[in-house]
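For reference, the structure discussed in these notes is given below.
The values are calculated or read from the model by the stated rules, or taken from the named source; none is laboratory data. Predicted model only: the values in this text are computed from it and were never measured. Cβ: placed from backbone, ideal geometry, glycine included. Neighbour counts: every protein chain shown.
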């Protein structure tokens, strides 16, 4: 799944509300400011495992995120598109 190309990139110098949802039985979805911008069907290898989760950098330390993260929240379930929109509207 790609995010950040010319059709759905982040605005430089502005805060963005980014949400990533994942449901192993249906889809991985990225939302930017409450709007779905990317969707992919998980591979058969996706799911629970003991691998580390990296946020803001890659495991191999190449590339990475040059910016700031604020109010990071992790849920133990997949949010619906309505819940994503509600959270975005409450944070604006």
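Just one of the numbered conditions (1) modelled with pLDDT of 75 or more; (2) on the phi < 0 side of the Ramachandran plot is not true of residue 45: (1). Scan segment 11-18 and tell me whether some residue there is in a strand (DSSP E or B), touching a helix residue (DSSP H, G or I) at 6+ places or on another chain (Cβ under 7 Å), surrounded by 13 or more Cβ atoms within 10 Å (Cβ to Cβ) and modelled with pLDDT of 65 or more. Within segment 11-18, none of the residues are in a strand (DSSP E or B), touching a helix residue (DSSP H, G or I) at 6+ places or on another chain (Cβ under 7 Å), surrounded by 13 or more Cβ atoms within 10 Å (Cβ to Cβ) and modelled with pLDDT of 65 or more.
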